[in-house]
Amino acid sequence: MAKKFTKVAYTNLDDFVYGSCPNPVTTKSGMVIGGGVVYPEINFTLPGMDINDVTMPKAATIYSNIIEGVLKRAAELYAPGVLIEFETLPDFTEHPKYGIEVNRILLNGMKEASEKYGLKTAIRTTPNDLREFSRPPIMRSGKYWETMLELYEQCAKDGSDFFSIESTGGKEIHDSALVKADIRLAIFALGILGCNDMEFLWKHLVDLSNANSCFAAGDSSCGFANTAMVLAEKGFIPHVFAAVIRVTAVPRALVAFEQGAVGPSKDCAYEGPYLKAITGSPISMEGKTAACAHLSPVGNIAAAVADTWSNESVQQVKLLSEMAPIVSMEQLIYDCRLMNAATVNGQQLMFRDLLVRSDSALDVQAYVLRPDVVMRISTELVKTQDNFLRTKLAAQLTVAELKKAIIEGKVKSDKRDMKWLDKMEKAIETIPDDPQEFYNEMKSVLDMDKFIPSEYGI
Amino acid sequence: MATLKDVSQCVLDGDLDEIKVLVQALIDDGTDPIAIINDGLIAGMNIVAPLFKSGEMFVPEVMESADTMNEGMKLVKPLITDEDIPSKGKIIIGTVNGDLHDIGKNLLVMMMESRGYTVIDLGVDVKEEAFSAAVKEHQPNIVGMSSLLTTTMMKIESTIKQLVADGVRNQVKIIIGGAPVTQEFADDIGADGYSDDASTAVELCDLMMSEQNSPEELSA
Ligand code: B12
């Protein structure tokens, strides 16, 4: 039975802070995520290379060097614990034996660090959503689906703490919604295709994790809202459009929690604060210290209510000081130290508000992550239980919130922003409340070569 | 009376309804269809391109302009033979083997088409042999490859090797791009050009076409 979230998890906005949450999660090594301390979450990837039977030993060596290096530095800097994310490259999921091998290398490195330094660690395993390799994507069966599950299952058996994924259901339609800045199409892709797929996918992932004493941690709207953020950052689409997409993606990400995910949600899910407000589960976030992976206008505010703090990804390349993952490890640890020191000093709220204040007036995408805005919108979203209506409502509320903020001068805006907000507002108003009716209306504009309705249960 | 300038302006404004009225009016007046294309429709996109490059226009607006241009084209095309349709050159483009990122590539396709190139989009996860087969079939001037992953950028190199093995490498210019790709990498693996955005990619193609068409190249 799916969980229902009918009210937000907080009664006092001042309790909505980084490092703690109503429903913390304890890892196998005893790290309590959301239990008071913000932990660093380190992620890394290969430098430019092919992956095949011949190069796999080299890849394995790279990963063992990385894990040894980052955990040594973490111990030297007295990190209270480290969450490691193994976000696979497509080859590691396509050939589960490669992915399993690397996951074991990382688990082994963690064990060694525990023995050598007494360092607490945990690992999040994030396979790829291979299903989109079929075009149009086959979402509910077939070799890609089975291969993905095979990797999950073995990694859980081997000792992974958490499962995540950046799932892509509905993205085949959402991509064109983004480049056309078409909010109706985006709501269709997120609220119908995306939510339906999440229900199917996360039910399986939750069952699989329960059967293998692992936690289902959560998904990310990376393919949707981060793509929007990157496009906005390049000046390709309006920042207000990306900001609206961020919140419109919340109901989709929430489905994982309805199905039984417990957090920490995935680092690149910048919609995390909404998930935390609604579910009370811990979240992972990334910001300034993930600039090695991609730029963003939310470097500080992203940390405001984070429970783990991530660098998203960095290649194993040499910088002047050390290899890049070690550099990231050090940066994350210092970020976390500062946040945790503020907590110990009783200045957590002040620190949260500084993180918020330093970004929130400078970009609409930062503005929608303000804790008060998050709480206001979340409080409305939990009033409806229908995923499609929730998605439509999220878009509507965000447009209204941003219009008000721009008029009141609370956030910097481009002179074209109001025009786009008006355009979105009008477009959302035309969307009927009945999803079937909406689907019928959309049929004339949908590219039916791109997706298979039955793969989404419609 | 409608003028070619009105057509250009209409493309810039992205007015899908008005363009039909304007283009039909010009056709009825007996305006040369090729002039409608070159001095009206494409001229409009030529105003759009620098505005996009300087950040004054968003992609959705550029797409509306491109759609408007295509809407106008639909009316003019039946009046001329395929050979008369002006094309700056033929480009084959795709995202390499194992890679599914295509937003950047799709933008490129749109920009190239709207600047007068004929583009054949092979899609994503395009195997080495598929690039080679497409070169043989379509005889393009330029081949473009996109890669966004550090583990698929090497597929650009293997695709070039495939083109060499199949004896078609020298008949095309190869341009590449995507997040992990750099000019240095392009030089290392023997690509002919690199660009990190769609506008300069089109300028790169223009440059390559002018080199291909220069007398020196022709006699070589
Ligand atoms: C959006 C995105 C996605 C979306 C893709 C949606 C889509 N339909 O394309 C989704 C979520 C599906 C996705 C999936 C994955 N992604 Co991704 N993704 C990105 C992201 C954030 C932005 C890419 C983008 O669209 N940019 C906007 C466009 C407009 O820019 P662009 O692509 O660079 O293109 C421009 C130029 O580069 C140039 N150009 C591009 N191609 C060409 C070609 C030619 C010929 C020329 C001349 C120019 C040119 O012109 C374009 C227009 O201006 C990047 C981050 C980044 N730094 O790039 C990560 C990124 C590329 N992804 C990454 C990863 C790891 C993945 C996954 C493996 C994640 C996972 N665990 O599942 C999968 C892989 C799927 C696969 N098999 O390919 C990593 C790569 C790390 C690495 N080792 O290389 C990155 C760098 C993110 C990160 N920092 O970790 N991703």
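A few notes on this one:
- Count of segment A:385-442 residues which are β-branched (Val, Ile, Thr) and either touching a strand residue (DSSP E or B) at 6+ places or on another chain (Cβ under 9 Å) or in a helix (DSSP H, G or I) (or both): 6
- Checking each residue in segment A:228-255 for being within 14 Å of chain B (Cβ to nearest Cβ), under 15 Å from the mean Cα position of the chain (by Cα) and at pLDDT 95 or above picks out A:228, A:229, A:245.
- Among (1) within 14 Å of the ligand (Cβ to nearest atom); (2) within 21 Å of residue A:25 (Cβ to Cβ); (3) in contact with a helix residue (DSSP H, G or I) (Cβ under 6 Å, 6 or more places away or on another chain), the one test that residue A:121 misses: (1)
- Single match in A:242, A:302, A:341 (criterion: over 24 Å from residue A:205 (Cβ atoms), without any contact (Cβ under 8 Å) to a residue 12 or more places away in the chain and assigned to a helix (DSSP H, G or I)): A:341
- Flag if residue B:87 is among the hydroxyl-bearing types (Ser, Thr, Tyr) and open to solvent by less than 20 Å² (accessible area, probe 1.4 Å): no
- Count - residues of segment A:347-391 that are touching a Gly at 6+ places or on another chain (Cβ under 7 Å) and under 24 Å from residue A:430 (Cα atoms): 3
- Cβ-Cβ under 6 Å pairs, at least 6 apart or on other chains, segment B:175-193 side more than 12 Å from the ligand (Cβ to nearest atom), far side among the hydroxyl-bearing types (Ser, Thr, Tyr): none
- Residues of segment A:130-160 that turn out to be open to solvent by 10 Å² or more (accessible area, probe 1.4 Å) and in a loop (DSSP other than H, G, I, E, B), as a count: 7
Residues are listed down the side, and each one gets a yes or a no for (1) within 14 Å of chain A (Cβ to nearest Cβ); (2) not in a helix (DSSP H, G or I):
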{"position": "B:19", "(1), (2)": "no, no"}
{"position": "B:39", "(1), (2)": "no, no"}
{"position": "B:42", "(1), (2)": "no, no"}
{"position": "B:55", "(1), (2)": "yes, yes"}
{"position": "B:61", "(1), (2)": "yes, no"}
{"position": "B:69", "(1), (2)": "no, no"}
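- Residue match in segment A:78-88 (condition: open to solvent by less than 70 Å² (accessible area, probe 1.4 Å) and within 14 Å of another protein chain (Cβ to nearest Cβ)): yes
- Residue in segment B:123-143 that is nearest to the other protein chains (Cβ to nearest Cβ), counting only those that are over 19 Å from residue B:87 (Cα atoms) and open to solvent by 50 Å² or more (accessible area, probe 1.4 Å): B:127
- Residue in segment A:42-77 that is nearest to residue A:286 (Cα to Cα), counting only those that are more than 10 Å from the ligand (Cβ to nearest atom) and within 11 Å of another protein chain (Cβ to nearest Cβ): A:59
The values are calculated or read from the model by the stated rules, or taken from the named source; none is laboratory data. The shown structure was predicted, so the numbers you read here are calculated from the model rather than taken from an experiment. Cβ sites come from the backbone with ideal geometry, for glycine too, and all protein chains shown count toward neighbours. The accessibility values were calculated without ligands, DNA or RNA, using every heavy atom of the protein model including side chains. Shrake-Rupley method; radii C 1.70, N 1.55, O 1.52, S 1.80 Å.
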